[in-house]
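Written below as structure tokens is the structure these notes are about.
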Amino acid sequence: MKTEVFRVTEKSDIILRRAAELICSGSLVGIPTETVYGLGANAFDRDACLDIFKAKGRPADNPLIVHIAEPEDAEKIAYTNSLYYKLAERFMPGPLTVIMPKRDIIPDSVTAGLDTVAIRCPKNKVANQLIRLSGVPIAAPSANRSGMPSPTSASHVFKDMDGIIPMILDGGECEVGVESTVISITEDSIILLRPGQVTLEMLKEICDNVTVSSAVTEELKPGEKALSPGMKYKHYAPRADLYLVDDRYIDFVSFTKEKHRMEKCAVMCYDEEIEKYTDEILLPVGGERDIKEQTKRLFDILRRADDMGVCTIYAHLPSKDGEALAIYNRMIRACAHRILGGENG
Ligand code: TXA
Ligand code: MG
């Protein structure tokens, strides 16, 4: 299959109509969203959704997120409640996914047999317009092959999906850079399952009863059941060994310079630190306080680290506060919990 890539805005009517026709006829389309690129199919089409699993090499028990054009469209596919609408008012359209009991119209291939469905209303104008033109909700996981970092540009999608899907819409680089915040809700409680740009602190402003699933910061214990199937899989791990350095205990620059003398390693340093290095291999992550920029660059850096063929990568251990929790969550999975410094050894 030839994979066509089109540069688009929400006004690219002819291309977006072609993409909508592909969706309606059961094909898959690579779609830009504000978080990461998605691999979209008609959420009412059982077989098209099964094709998503094939295209990604995704385990069959890991459910998909259903994307809608307006918060109210959730009524057709889920049993909503008043907390959903409070959250929608504040965060939708945007990078928040809400899990609620599903209606029968959503096929089991979308929810992997669960009786709940994950719903998200993307802010990205291309994604939003494509859902409107398609006239159906669009099921879409991140558009990477399973085990690769989520794609944040059309070229990442092309690398993973060339020859596998007919069309990729190139809407430029993703604004956020990590996947949406995933929560499961009842009438009066929230469980945070995956941290993203909508933070724990923001959710607490809307609801008094917010808990954080232990899988957000810890490894699942043997035999422990994941509330969200996606959390039980070993996520992306670079080919090189990634170590997170707790810089409250270890001087990051001198430690990594010393390491570089002994082994072929790359250093994920802050932009401010670049001038302190000489001939080391650097992967600058953004300014030390610029969490938004660090989030945006994260997956591209991890993809580039693999391309460079280094044996080891050293990075700062991220904080767990605010938006940094999303980076922390992705990084501890990528490093298999190898943390240097303090009580971590
Ligand atoms: O930002 C995003 O959320 C991107 C863009 C494309 O929208 N999508 C994305 O999808 O990251 P994916 O499939 O890579 O991650 C969805 C996560 C998985 O961890 C999955 O297990 C969880 O959401 N999930 C989906 N439906 C669920 C359900 N009914 N119950 C529990 N977890 C669910
Ligand atoms: Mg994914």
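The values are calculated or read from the model by the stated rules, or taken from the named source; none is laboratory data. Every value quoted in this text rests on a predicted model; they were computed, and no experiment measured them. Using ideal geometry, Cβ is built from the backbone for each residue, glycine included, and neighbour counts are taken over all protein chains shown. Note: areas computed on protein heavy atoms with side chains; ligands, DNA, RNA excluded. Shrake-Rupley method; radii C 1.70, N 1.55, O 1.52, S 1.80 Å.
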Q. Could you give the accessible area per residue of segment 97-216, probe 1.4 Å, as a whole number in Å²?
A. 36
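For the chain, what is the calculated [θ] at 222 nm in deg cm²/dmol (nearest 500), taking -39500 (n - 2.57) for each run of four or more DSSP H residues and dividing by its residue count?
Helix contribution divided over all residues of the chain: -8500 deg cm²/dmol.
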Q) By a straight-distance test (C-alpha under 12 Å), which aspartates and glutamates pair with Lys102 as possible cross-link partners, with residues fewer than eight away in the same chain excluded? A) Glu75, Asp115
Q | Qualifying GluC sites (Glu not before Pro) for segment 103-212 [loop in DSSP, other Cβ within 10 Å: at most 13] | A | Glu187
Q: Classify segment 241-344 as rounded, prolate or oblate, taking a ≥ b ≥ c as the square roots of the eigenvalues of its Cα gyration tensor: rounded when a/c is under 1.5, otherwise prolate if a/b is larger than b/c and oblate if not.
A: rounded
Q.
Checking the table Lys225/Lys296; Lys86/Lys125; Lys257/Lys320; Lys2/Lys292; Lys123/Lys296; Lys11/Lys204 against a 28 Å threshold on Cα-Cα, which pairs fail?
A. Lys225/Lys296; Lys2/Lys292; Lys11/Lys204
Q | Beta bridges by DSSP in the chain, antiparallel share as percent, to the nearest 5 | A | 40
Q | Where labels lie 7 Å past Cα in the beta-carbon direction, separation of Ala112 and Cys207 in nm | A | 2.1
**Q.** Proximal charge balance of Glu10 [Cβ under 11 Å; K/R count +1, D/E count -1]
**A.** +2
Q | Hz values of 3J(HN,Hα) by residue in segment 65-77 - Karplus curve (6.51, -1.76, 1.60), Gly and Pro given as x | A | 8, 9, 9, 10, 7, 9, x, 5, 5, 4, 3, 6, 10
(Q) I'd like the distance between the alpha-carbon centres of segment 56-107 and segment 267-287, rounded to an integer number of Å. (A) 40
Q: Sort 258-268, 26-36, 40-50 for me by packing, meaning the mean count of neighbouring Cβ atoms within 10 Å per residue, highest on top.
A: 26-36, 40-50, 258-268
Q: Taking the Cα centre of segment 241-344 as origin, work out the dipole magnitude from +1 charges on Lys and Arg Cβ and -1 charges on Asp and Glu Cβ, in debye rounded to 20.
A: 360
Q.
Under 5 Å between amide hydrogens, which residues at least 5 positions from Thr116 or on another chain qualify, with H placed 1.01 Å from N in the peptide plane?
A. Lys102
Q) Carbon-plus-sulfur fraction of the accessible area of segment 241-344, 1.4 Å probe, in percent? A) 47
**Q.** Share of carbon and sulfur in the accessible heavy-atom surface of segment 4-216 [1.4 Å probe, %]
**A.** 50
(Q) Taking amide H atoms as placed 1.01 Å from N in the peptide plane, list the residues 5 or more away in sequence, or in a different chain, whose amide H sits under 5 Å from that of Gln197. (A) Thr181
Q. Counting pairs of alpha carbon atoms under 8 Å apart in space and at least six apart in sequence, what relative contact order in percent does the chain give?
A. 19
Q: At 18 Å minimum axial length over the Cα atoms and a Kyte-Doolittle cut of 0.0, report the qualifying DSSP H helices in the chain, or say none.
A: none
Q. Can you list residues whose amide H is under 5 Å from Ile313's amide H, if they're 5+ apart or on another chain and H is modeled 1.01 Å from N?
A. Asp241, Leu242, Tyr243, Ala266
Q | Residues of type lysines that Lys264 reaches as a straight line, Cα spacing below 24 Å, ignoring anything fewer than 8 places off in the same chain | A | Lys276
Q) Rounded, prolate or oblate: which fits segment 142-284, taking a ≥ b ≥ c as square roots of the Cα gyration tensor eigenvalues, rounded meaning a/c under 1.5, else prolate when a/b beats b/c? A) oblate
Q | From phi via Karplus (6.51, -1.76, 1.60), per-residue ³J(HN,Hα) for segment 177-188 in Hz, x at Gly/Pro | A | x, 10, 5, 4, 5, 10, 10, 10, 10, 10, 3, 9
Q) Cα gyration tensor of segment 240-287, axes a ≥ b ≥ c as square roots of the eigenvalues: rounded (a/c below 1.5), prolate (a/b > b/c) or oblate? A) rounded
Q | Relative pair counts by distance (%), Cα atoms of segment 4-216, 5 Å bins | A | 1, 8, 17, 21, 22, 16, 10, 4, 1, 0
